[in-house]
Amino acid sequence: MSRYEIRFSGAGGQGLILAGVIMAEAASIYDGKQAVQSQSYGPEARGGASKSEVIISEDAIDYPKATVVDALLALTQEAADKYCHDLKEGGMLLIDSDLVKRVPEGNYNTVAFPIINTAKNEVGREIVANIVALGAMVALTGVVTKEGAEKAVLARVPAAFVELNRKAFETGYQKAVAAMEVEAAAAC
């Protein structure tokens, strides 16, 4: 793996910057790779478009911004519309199927499930939607190990919320695996 670029995008306040930080920590601290993370958000802070980018590589990273995105998470329609333009051909797009109704056109693989609804109704708290999404991105990209990512998640949360976040991560991971299996079966 020379360079792998991931963008987490949605609305400010959805925890996507934290998701990017955790992904970078999983790569660098737990998997022994090089990683950089950057972020930007609109002046609204809460509600405006927000993104967090992570570059992961086996080698030194010479440029810290995403240029050709390998995998993109879009939790809102605005994020999908705004940030899909540099998703590479054959890349991976993960969307919240409840909130992204118009999938931007392009030659990439799309995986969709109701991420926020899953956090709320299957995990029990909407606030962990970012960790559900992170688990899904780990499964879809394979760029960091599941074990490294889970350790990075649990190292970031208060003790009282360890089990909630472990469940959120595992649920997102399993939802993505199931979505990939459905897609593979449909392609046959």
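Please treat every number below as a calculation from the coordinates, not as lab data. Bear in mind that the values here come from a model prediction, so they are computed numbers and not experimental data. With ideal geometry, Cβ positions are generated from the backbone for all residues, glycine too; neighbour counts draw on all protein chains shown.
Can you tell me which aspartates and glutamates have their Cα less than 19 Å from the Cα of residue 175? Leave out same-chain residues fewer than eight positions away. Filter leaves 96, 98, 122, 126, 147, 150, 163, 183.
Take every DSSP beta bridge whose two residues both sit in the chain; close to 55 percent of them are antiparallel.
So what is the 222 nm mean residue ellipticity for the chain from helices alone, if each DSSP H run of at least 4 adds -39500 (n - 2.57) and you divide by all residues, rounding to the nearest 500 deg cm²/dmol? Can you show the working numbers first?
Details: 6 runs with 71 residues, N = 188.
That comes out to -11500 deg cm²/dmol.
Ranked by the mean number of other Cβ atoms within 10 Å per residue, highest first, peptides 154-160, 169-175, 54-60 order as 169-175, 54-60, 154-160.
Considering segment 102-188, its Cα convex hull presents a mean projected area of 6.5 nm².
With 18 Å as the limit on Cα-Cα distance, the pairs of 51/82; 33/146; 33/88; 33/151; 65/88; 33/82 that go past it are 33/88; 33/82.
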